[in-house]
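Shown next, in structure tokens, is the structure this report addresses.
The values are calculated or read from the model by the stated rules, or taken from the named source; none is laboratory data. Computed from a predicted model, the values in this text were never measured in an experiment. Cβ placement follows ideal geometry from the backbone for every residue including glycine, while neighbour counts extend to all protein chains displayed. The protein model used for the area step is the full one, side chains on, heavy atoms only, and it has no ligands, DNA or RNA in it. Shrake-Rupley method; radii C 1.70, N 1.55, O 1.52, S 1.80 Å.
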Amino acid sequence: MYSQQETVKLQKLTDTLLQQTKSSSFKTDELNELRDVLRFHEYRYYILNDPLLSDFEYDSLYKQLEKIETENPDLIISSSPTQRVAKGLTKDFPTVQHLVPMLSLENSYDAEDLLDWDRKARELTDLETIEYCVEPKFDGASISLIYEDDFLIRGATRGDGVEGDDITTNIRQIRSVPLSAKFSSYGIQQIEIRGEVLMTKKNFKKYNDLLAEQNLPPLANPRNSAAGSLRIKDPKEVSRRNLEAFLYHVSYYTNTDGQPNIDGRGSMTDDRHETTNIDQPSSTNALLTHSGSLEMLWNLGFRSPQKEKKVLKGIQSVIDYCHDFENMRDDLPYEIDGMVIKVNEIALQEKMGMTTHHPRWAIAFKFKARQATTKLRGVEFQVGRTGAVTPVAKLDPVAIGGVTVSSISIHNEEYIKEKDLKINDSVLIERAGDVIPQIVKSLPELRTGDEKEITFPKHCPVCKSELAKEEEEAVWRCINIECPAQVVERIIHFASKDAMDIRSFGDANVRKFFELGFLKDIPGIYELPFDKIGTMEGFGEKSISNLKSAIEASKQQPLHRLIYALGIRFVGETTGKVLANAIDYLPDFKNKSLEELQNLEDIGPKVAGSISKFFQVPDNIIMLQKLEELGLNLRSSRNAATQGGNLDGYTFLFTGTLTKLKRSEAEEMVEKNGGKLLSGVSSKLSYLIVGEDAGSKLEKAKKITSIKILSEQEFIQLMNG
Ligand code: IVH
């Protein structure tokens with residue numbers, strides 16, 4: 001998309017524009033330059049995953065453009081980077097017709113199926129060997145985009161294949177979809193392209209964490225969340241979900257001379273769709289092969305599977321490539337559920353044609369399913385650290401994706417109703433990658449009459465006190481904060497990896513010590529009777545010493561971890577950081593008003609109310625004092641970070657694998673000492689810290705003489721002053 005020369009030029013321009021951030025006068029040329037520069041950096045970030053700027057620098061350029069456009073509204077154009085963000089809510093999604101119906105794919109499940117399919121393909125084409133293009137089968141929601149005169153004019157869902165919903169406003173929120181692309185340089189005036197909208201595994205996890213913080217049930221898989229996100233009426237919320245799009249198929253285009261070229265690809269056995277065969281004009285040579293069209297899309301700034309695809313001759317190498325990809329499925333940042341094999345030459349595709357359901361020139365190779373059906377045999381009710389009573393379905397054990405699943409959370413009463421779950425039902429379950437297994441749906445058509453309703457208890461299954469449900473909440477709670485189930489869950493949460501990270505102090509040990517009376521509350525972690533523990537089976541000298549040092553080390557955890565560890569309702573890791581940055585000494589929160597709390601970033605009335613409630617409970621303040629006496633850190637490091645820790649003014653970036661420190665620890669050290677983290681190599685970078693197997697970032701940094709390159713050891717020395 002951008003040549004080396006253009007990249008260097010745009011990067012220089014970026015530096016110039018960054019330096020003049022504060023100037024208010026501008027020339028029209030500069031406005032275009034600013035847009036070009038922002039588009040270039042969006043491409044580096046969203047398409048190449050290789051940014052050259054920090055988020056902060058990008059934001060300052062974006063704000064510069066926004067300011068100029070606000071002051072000069074007549075200069076706004078629809079393809080400006082600022083114009084993705086829509087104002088207001090979408091009323092509805094009108095039904096629109098696809099230029100060419102969106103067909104499905106035939107499925108294959110093993111090498112034999114592919115050998116059969118290849119045999120048929122060779123018969124149909126009269127060829128000995130066929131050239132195929134093989135690419136991932138993205139597991140998301142399919143979309144179809146239309147560009148006219150180089151501008152995105154429409155985005156639609158698949159719908160029934162003939163008609164879909166017009167979701168243009170939502171599509172514009174997806175940063176990897178260019179708002180304009182130079183199709184005219186390929187002689188194309190109008191084009192319809194197909195692809196898949198996805199949520200990466202990382203963003204999916206983040207999104208589910210957010211739902212969990214609000215006590216909402218998680219989504220079963222990234223596919224459902226991508227599909228659901230496309231139908232949200234608030235485009236800003238769509239933008240927040242950070243969706244991505246892969247574009248993999250050109251279904252229709254007209255040339256700048258007005259000639260249409262339809263995805264007939266030969267005669268169909270269905271007379272619904274008349275097809276036209278028109279010779280390819282020379283200006284669209286790129287579109288003579290499928291791989292050529294992927295390359296064209298890539299060159300125009302789309303995220304096509306250009307890097308993932310492979311052109312292969314003969315079916316055996318195709319089978320091998322499919323297996324290779326299946327083996328690294330879990331290492332990909334997004335979900336795929338198989339591979340798609342396409343006859344590469346478009347002329348051959350036309351010769352082979354299609355059925356009413358699928359093209360004959362393509363087939364999906366489906367990976368081993370991560371779904372299975374089993375029976376729901378009963379429900380257990382568990383009490384969490386906030387007293388929430390969660391029903392857990394007990395299943396006939398079933399293996400999915402190498403793991404045996406025998407129980408699954410079914411969240412709350414509403415969820416049970418929504419999914420229509422009954423005891424003895426057959427249920428479809430799914431384990432998507434590293435996502436916790438979920439029930440996708442019940443299968444009422446398989447009911448025999450032996451099914452029983454799931455009834456919710458009226459009393460806490462542990463302490464027997466009456467359960468309560470707040471208005472507008474789906475969750476029943478045990479409101480006895482002394483309830484042993486809650487206490488033990490609070491301790492487990494406190495010690496957990498993302499909280500105080502006390503290794504070798506997992507669920508099982510906490511429960512054991514609690515049952516034996518060695519541990520009654522959170523401060524008790526720091527006063528464990530090691531003399532007694534040492535006499536227990538399974539606790540040798542080594543494990544005791546590991547546990548002691550992990551507990552000791554946790555005393556130095558930064559304040560934001562402690563805040564998160566306290567398990568205050570609605571306070572997740574992000575809110576923990578906001579709170580730690582807002583105060584010097586933790587107990588001071590008891591003097592903060594609701595209003596003051598709500599003025600903090602991303603803290604609404606519900607979260608503020610919960611924080612305030614926590615700090616008004618005298619026992620909680622006593623617990624904090626006790627923790628401080630025991631040597632825990634209740635003070636924020638925010639001052640060190642903002643008022644000149646010894647790294648103030650320096651920027652850092654890590655690359656490769658660190659062996660002595662965890663990446664998150666190293667980054668925390670930088671921030672604690674007042675340094676700033678960057679996400680890419682640029683002239684703004686002061687230090688690049690190089691771990692094992694460092695790659696392109698190191699090469700790039702070597703070319704910029706002002707960057708200091710340090711080993712992990714040198715970095716540690718620098719941190720130690
Ligand atoms: S090609 C006319 N390529 O899988 C051919 N489809 O199960 C159009 N899909 O409806 C489809 N990745 O939504 C194609 N690389 C890929 C794909 C892909 C995912 C989806 C697509 C299709 C469904 C069929």
Taking the criterion of being touching a Lys or Arg at 6+ places or on another chain (Cβ under 7 Å), modelled with pLDDT under 95, within 11 Å of the ligand (Cβ to nearest atom) and not aliphatic (A, V, I, L, M), would at least one residue in the range 125-140 satisfy it? yes
Is it true that Phe204 is surrounded by 19 or more Cβ atoms within 10 Å (Cβ to Cβ), of a type outside the set (Val, Ile, Thr), away from the ligand (no atom under 16 Å from the Cβ) and in contact (Cβ under 8 Å) with a residue 40 or more places away in the chain? yes
Residue count for the range 149-161, restricted to those that are more than 16 Å from the ligand (Cβ to nearest atom) and open to solvent by 60 Å² or more (accessible area, probe 1.4 Å): 3
Residues (surrounded by 16 or more Cβ atoms within 10 Å (Cβ to Cβ) and either under 27 Å from Asp331 (Cβ atoms) or within 28 Å of the chain's Cα centre (by Cα) (or both)) located in the range 414-427: Tyr415, Ile416, Lys419, Val427
All but one of (1) within 12 Å of the ligand (Cβ to nearest atom); (2) touching an Asp or Glu at 6+ places or on another chain (Cβ under 9 Å) hold for Gly164, so report the exception by its number. (2)
Check whether at least one residue in the range 53-63 is at pLDDT below 85, outside any helix (DSSP H, G or I) and loosely packed, with under 13 Cβ neighbours inside 10 Å, and report yes or no. no
Being in contact (Cβ under 8 Å) with a residue 40 or more places away in the chain and either surrounded by fewer than 16 Cβ atoms within 10 Å (Cβ to Cβ) or among the hydroxyl-bearing types (Ser, Thr, Tyr) (or both) narrows Pro484, Pro461 down to just Pro461
Return the residues of the range 357-411 that are aliphatic (A, V, I, L, M), open to solvent by 10 Å² or more (accessible area, probe 1.4 Å), within 27 Å of the chain's Cα centre (by Cα) and farther than 30 Å from Glu482 by Cβ; say none if nothing qualifies. Ala369, Ala372, Ala399, Val403
Among the residues of the range 121-156, which ones are in contact (Cβ under 8 Å) with a residue 24 or more places away in the chain and of a type in the set (D, E, K, R)? Glu131, Glu135, Lys137, Asp139, Glu148, Asp149, Asp150, Arg154
Collect the residues in the range 335-350 that are open to solvent by 10 Å² or more (accessible area, probe 1.4 Å) and more than 30 Å from Ser184 (Cβ to Cβ), keeping them in residue-number order. Glu335, Asp337
When Gly387 is run through (1) within 16 Å of the ligand (Cβ to nearest atom); (2) modelled with pLDDT under 95; (3) of a type outside the set (A, V, I, L, M, F, W, C), the failure sits at (1)
Mind telling me which of the residues Thr200, Thr254 ends up being farther than 22 Å from Pro333 by Cα and at pLDDT 90 or above? Thr254
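Matching residues to (1) at pLDDT 85 or above; (2) under 30 Å from Leu579 (Cβ atoms); (3) touching a Phe, Trp or Tyr at 6+ places or on another chain (Cβ under 9 Å); (4) in a helix (DSSP H, G or I):
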{"site": "Gly631", "(1), (2), (3), (4)": "yes, yes, yes, no"}
{"site": "Asn639", "(1), (2), (3), (4)": "no, yes, no, yes"}
{"site": "Gly645", "(1), (2), (3), (4)": "no, yes, no, no"}
{"site": "Phe652", "(1), (2), (3), (4)": "yes, yes, yes, no"}
{"site": "Thr659", "(1), (2), (3), (4)": "yes, no, no, no"}
{"site": "Gly674", "(1), (2), (3), (4)": "no, yes, yes, no"}
{"site": "Ile709", "(1), (2), (3), (4)": "yes, no, yes, no"}
{"site": "Gln713", "(1), (2), (3), (4)": "yes, no, no, yes"}
Number of the condition not met by Ser283 [criteria: (1) open to solvent by 30 Å² or more (accessible area, probe 1.4 Å); (2) small (Gly, Ala, Ser); (3) at pLDDT 95 or above]: (3)
Yes or no: the range 190-197 includes at least one residue that is more than 16 Å from the ligand (Cβ to nearest atom), modelled with pLDDT of 90 or more, closer than 28 Å to Leu103 by Cα and open to solvent by less than 60 Å² (accessible area, probe 1.4 Å). yes
